[in-house]
Amino acid sequence: MSFFRQRRSLIVLSLLNIGLLLATWWLLLQLLGLELTALPSSWRQQAPTWTDGQKVTAFFLLSLSLTLPRMLWQLILEWNTSYHVEADGLTIRTLGLLQYYPWQALAQLRPNYSYDDYVQRIDVLIAPEFSQTRWYRRWLYRHYYNKVPLYATSGQLVSLLSQIKQHCG
């Protein structure tokens, strides 16, 4: 996928997430009978009259509005991530990101287990001198300090792992 198609996909996905967030907040305000233009006064007026069903539904919509965009973003990232092994390093390509790591930067592989001992993803630990990432990359792309994820959904994971093991150790 070319850089401009990735950029366009990133913009469309961001607009979709913002649209989902706005729709959920609009539903929340309609459910509770609040007016956006006079939110403090309508809050004081409507809050004592909310039923338990409205409170539970409002809590559900609020939690959905906070988690849905991030979850959708992460699912599309996992689906779209690709890894390319080159002679001098590993290249990771996903929505809006093209990251290159030389073989000297890759320290080791570490499986990340879920609660039922199933490996959800495998993290490639990065040497500390190569692990300078910006905060938005850590948040948007799960590039935590000192590690990069290899998702189990990526194609040809077994051959990718064997090539990384070959160059790491």
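What the table shows:
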read-out	value
Built amide H within the under 5 Å cut-off of residue 123, gap 5+	110, 112, 150
Under Karplus coefficients 6.51, -1.76 and 1.60, residue-wise ³J(HN,Hα) of segment 64-71 in Hz, glycine/proline x	5, 5, 8, 9, 4, x, 5, 5
Accessible surface, 1.4 Å probe, highest first, among residues 165, 55, 147	165, 55, 147
With all protein chains modelled, accessible area of residue 110 [1.4 Å, Å²]	100 Å²
Table column - 3J(HN,Hα) (Hz), segment 78-85, Karplus curve with 6.51, -1.76, 1.60, x for Gly and Pro	4, 5, 9, 6, 9, 10, 10, 8
Solvent exposure ordering (accessible area, 1.4 Å, most first) of 91, 49, 57, 37	37, 49, 57, 91
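The values are calculated or read from the model by the stated rules, or taken from the named source; none is laboratory data. In this text, all values refer to a predicted model and were calculated from it rather than measured experimentally. Calculation scope for accessible area: heavy atoms of the full protein, side chains included, ligands and nucleic acids excluded. Shrake-Rupley method; radii C 1.70, N 1.55, O 1.52, S 1.80 Å.
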